[in-house]
Amino acid sequence: MKKIVTDGFAVTSNKGIATLAQQVIADQREILKNPEWVELLKCDTQNGQECGLHMYTDKDTNEHNQPRDYKAKFEFNKQTYRIITNRDLPSLLREHIERIERLYKLNINQMRRTLRTLDLQTQWRFDLLAKFNLALEQDLHVLRIVVYLEPDSNGELAKVHCDQCMVTCVNTTTHSGLFLQIGDASIPFHSKGDELLFFPGMKGELETGGRRNVRINCRGIAPILATTGGTLHAVEHWAVQPEGLAQDEYRGTVVFFGHSVRAIQPLSPKEIGAVSILK
C-alpha cells in the first residue's frame, strides 16, 4: 500500500472480494431487465444520502448542478439493507442483497487493513483508521454497483471527477475504459482475476493536510471540485465506452468508498463560472 502515497494508487489481490463482486455485477445487469425487480430495489434518499437503486440520464443533475452520467447505480450501506430486506422480495432478489451485504463487510475489513498500513507508513500522523471507524458508526461507507448505459457527447461514461471519500477500492470492472490521471500520465486500468485497485479521494487529501480546490479537469473539459496539497493526492479519473461492445452489452463496475465524517462543500455557481473562463 506504500504505492498509494508514492505513486497515487495501488493494486492488490483479494480473491474473496473480486469473485463476489463479479457475481454481484452480473446479477445486477440481469435485474435491470426486470422492471418489477428494479422498483423493489429503489429507495428514497435517507438523511441526505442516496441509497438503493437510482436510474440517471444526462438530464439529471448532481449536487454541483452538473449533468449526471447516464447509468443505473445501486448504493448500499447498512441503511439500504434494513430498508430493502423489510420488503417482500423474490428469493433471487433476497439472495442478491445478502451477497451484496457480504461483499460490503469484506470491503470494510479490507479497507481497515489498507488504512492501518497507511497509518503505519505515515507514522500515525493522520489517524485514518480511527476516522474510518467513526464514519462506520455513522453509516457513511458505501458499496456502489454501477451499470453505465450510454456515453455523453465527449465519449465519457463517467465524467472526470475526484471521489469524495478517503480511499476508493475498485472491486471489479467488466470491461476496460477506466483511466486514472497520475501526474501527466493517463493510466488505464481493467481488473484481471482477483485484482483490487485503491486510490485516494478528496477526504483522503483533506485528512492528510490538503485543502479544497476548484480547477478545470485534466481533460480540459469542465470545472471540477478537487483537492490539493495533502500527503495523499485525490486522483482524477473517468471512464469511456470500451471498443467492441455489443448493442445490448454494458460496462459495469463495483466500487467501495471508505469515508471519514468530514463534509465537503459542493461547487457553487460562482466557482463554476470563475473557473470556466480558464478553459
Are any of the residues in region 196-207 outside any loop (DSSP other than H, G, I, E, B), modelled with pLDDT of 95 or more and of a type in the set (Gly, Ala, Ser)?
-> yes
So residue 240, is it surrounded by fewer than 22 Cβ atoms within 10 Å (Cβ to Cβ), in contact with a Cys (Cβ under 8 Å, 6 or more places away or on another chain), within 30 Å of residue 176 (Cα to Cα) and not basic (Lys, Arg) = no
Scan region 180-189 for residues that are buried (at least 16 other Cβ atoms within 10 Å of the Cβ) and not hydrophobic (A, V, I, L, M, F, W, C) and jot them down.
-> 181
Which condition does residue 115 not pass, out of (1) closer than 22 Å to residue 208 by Cα; (2) surrounded by fewer than 21 Cβ atoms within 10 Å (Cβ to Cβ); (3) of a type outside the set (S, T, N, Q); (4) touching a helix residue (DSSP H, G or I) at 6+ places or on another chain (Cβ under 6 Å), if it passes all the others?
-> (2)
Result of the Cβ filter at 6 Å on region 246-263, keeping first residues that are touching a residue at least 40 places away in the same chain (Cβ under 8 Å) and surrounded by 12 or more Cβ atoms within 10 Å (Cβ to Cβ) and partners that are among the β-branched types (Val, Ile, Thr) and assigned to a loop (DSSP other than H, G, I, E, B), at least 6 apart or interchain, is 251/174; 252/174
Qualifying positions in region 2-43 - assigned to a loop (DSSP other than H, G, I, E, B) and either within 18 Å of the chain's Cα centre (by Cα) or in contact (Cβ under 8 Å) with a residue 24 or more places away in the chain (or both) | 7, 8, 9, 14, 32, 41, 43
Tell me which of these residue 150 doesn't satisfy, since it passes every other one: (1) surrounded by 23 or more Cβ atoms within 10 Å (Cβ to Cβ); (2) over 11 Å from the mean Cα position of the chain (by Cα); (3) of a type outside the set (A, V, I, L, M, F, W, C).
-> (1)
In region 145-165, what residues are of a type in the set (S, T, N, Q), at pLDDT 95 or above and either outside any loop (DSSP other than H, G, I, E, B) or farther than 28 Å from residue 259 by Cα (or both)?
-> none
Pairs, please: C-beta under 8 Å, at least 6 apart or cross-chain, first residue of a type in the set (Asp, Glu) and in region 87-109, second buried (at least 18 other Cβ atoms within 10 Å of the Cβ)?
-> 101/76
Unmet criterion (only one of (1) outside any helix (DSSP H, G or I); (2) at pLDDT 95 or above) for residue 213 = (2)
Take residue 172 and decide whether it is polar (S, T, N, Q) and assigned to a loop (DSSP other than H, G, I, E, B).
-> no
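The values are calculated or read from the model by the stated rules, or taken from the named source; none is laboratory data. Nothing here was measured: the structure is a model prediction, and the numbers come from that model. Don't worry about glycine lacking a Cβ; one is built from the backbone with ideal geometry, like all the others, and counts go over all protein chains shown.
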